[in-house]
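Q: This is the structure I want to talk about, given as structure tokens.
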Amino acid sequence: MGRDLTERAHAVRTAGTALDGIREVNHPSARVIVLDLGLPDLTAGQALKDDPRDHRDAGLVATARDEEAEIIRLLQTPEPDDYVVKAVLWRHLAARISALLRRAAPQGGAVVLSVAG
């Protein structure tokens, strides 16, 4: 997924655990985080709660979990801004990320997309 998004002119930082991902999104130019809920170290709720959003525009969950109740519960919280069920085509994911960025306040600088999972 990261390579595909890099090809779409996004700068990508990856992490294999939620804690590493939270550290990565502290990068000042991070604008979007894509979070997989199947991470080994934190639950989805913990990862979303611990994400310091003050400088970031959007959060998107990309996961294989497709239970409607869980999707609705997460979308009714302050995070995430969007939710996609994997397997998602990378162009579909890139389009959703672009839409999130369009809705956000314009900011200068590079877009750094942090993908955990």
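The values are calculated or read from the model by the stated rules, or taken from the named source; none is laboratory data. What you are looking at is a predicted structure, and each value in this text was computed from that prediction instead of being measured. Neighbour counts run over all protein chains shown; Cβ positions are idealised from the backbone, glycine included.
Q: Just to be sure I understand the filter: pairs with C-beta atoms under 9 Å, separated by 6 or more residues or on different chains, first member in region 29-43 and more than 19 Å from Ala99 (Cα to Cα) and of a type in the set (A, V, I, L, M), second member modelled with pLDDT of 80 or more and assigned to a loop (DSSP other than H, G, I, E, B). Which pairs pass?
A: Going by the 9 Å Cβ cut-off, the qualifying pairs are Leu37/Ala64; Leu37/Arg65; Leu39/Gly16; Leu39/Thr17; Leu42/Thr17.
So that you can scan it fast, the table gives a plain yes or no per residue for (1) within 13 Å of the chain's Cα centre (by Cα); (2) surrounded by fewer than 21 Cβ atoms within 10 Å (Cβ to Cβ); (3) modelled with pLDDT under 85:
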| residue | (1), (2), (3) |
| --- | --- |
| Gly21 | yes, no, yes |
| Leu37 | yes, no, yes |
| Arg65 | no, yes, no |
| Trp90 | no, yes, yes |
| Ser114 | yes, no, yes |
